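Structure first, then comments.
No value in this document is a laboratory result; all are computed from the given coordinates. The structure presented is a predicted model; accordingly, all values stated were derived computationally and were not measured. Quick reminder, even Gly has a Cβ in these numbers, built from the backbone with ideal geometry, and neighbours come from all protein chains shown.
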């Protein structure tokens, strides 16, 4: 009797899980878009330009046809065609794209728009249900499910910058899933599917909803994401023990300046070649990644104090960051 009750309970749980997935798919799939693009590429053998096709996924975020996808899906696209769940196709045009977070926004010219809603990714916990809907390998509206495997991961974007606040999931992703939504059991967006480690199983990643929604908002309003820059070229450096002890440093790495670029919109003349950046205002700078993260739009055109090591001595200098073009 106990065995029969145990099996019955398991089946009930399975039915509840299946019911959750099917309801989410029913409510969400109408907002998922198949994105087809044409790009001009150079044949590495003949060195001649030729047209190539690519595809990815996206999802509607507004009633006027704004669609979120990945930057790498539409990068260098000559044409963008959007295919909706009801069979309608529409031309799309790019509103803005940000390579540093792999997020882009496209506007559909026509279609039946049923937007999805972003939810707070900071409230996520490992183990929560995660459902991915997309168009892997051109197979439209494919559904995979799993769990949120981990939070707060980082991922390297194509331009070399680090994407923070990345969600790891074991919901299977394949080429073509890029740009599609990762949703919770309520059908709300928790992330934008962006990458998979092909040499491993169950290691898939999504840009968190909080980051994606913030970037999408800036792209819609400004057409780009505003960031500050210092007009320097630099590289990471490890400190020798004597330098750490002599300057009473709490960090072991910094950013070595090896080129200073003159720019009318940037005041960086207090830098010297060989300076090692270790702080920006109250923020320790331990790497190029932490410096990039600190250089947000709030710093553009404002005088700021930087702490550097010069000739093994700690000093403060003033800079006025300009806007990254």
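Some points to look at:
- Pairwise FRET efficiency - residue 15 versus residue 123, Cβ, R0 = 30 Å, nearest 0.05: 0.65
- Kirkwood Rh and Cα Rg combined as Rg over Rh, evaluated for the stretch 19-88: 1.13
- Remark: relative contact order (the chain) = 13 percent; criterion is Cα-Cα distance under 8 angstrom and separation of 6 or more residues.
- Note on residue 282 and residue 91: the extension gain reaches 64.0 nm, defined as 0.36 nm multiplied by sequence separation minus the Cα-Cα distance.
- For the stretch 185-325, the fraction of alpha-carbon pairs in successive 10 Å shells from zero, as %: 11, 33, 25, 21, 10, 1
- Shape of the stretch 18-169, Cα gyration tensor, a/c cut at 1.5: oblate
- Based on the Kirkwood approach, the hydrodynamic radius assigned to the stretch 92-246 is 17.0 Å, with every pair of different Cα atoms included.
- Per-pair calculated FRET efficiency, R0 = 22 Å: residue 244 and residue 320 via Cβ, rounded to 0.05: 0.15
- Estimated from helices alone, the mean residue ellipticity of the chain at 222 nm is -5500 deg cm²/dmol (sum of -39500 (n - 2.57) over DSSP H runs with n ≥ 4, per residue).
- Principal-axis tilt of helix 209-222 within the chain, Cα atoms, nearest 10 degrees: 70
- If you model the chain as an ellipsoid using its alpha carbon gyration tensor, with each semi-axis the square root of five times an eigenvalue, the axes come out at 42, 26, 17 Å, biggest first.
- Rounded to 10°, Cα long-axis angle of helix 2-28 versus longest principal axis of the chain: 70
- Whole-number D in µm² s⁻¹ for the stretch 147-237, Kirkwood Cα-pair radius fed into Stokes-Einstein, 10 °C, 1.306 mPa s: 109
- Of 261, 295, 211, the one that fluctuates the most in a GNM where the chain has Cα springs shorter than 10 Å: 261
- Cα-only radius of gyration and Dmax that characterise the stretch 257-301, units Å: 11.1, 28
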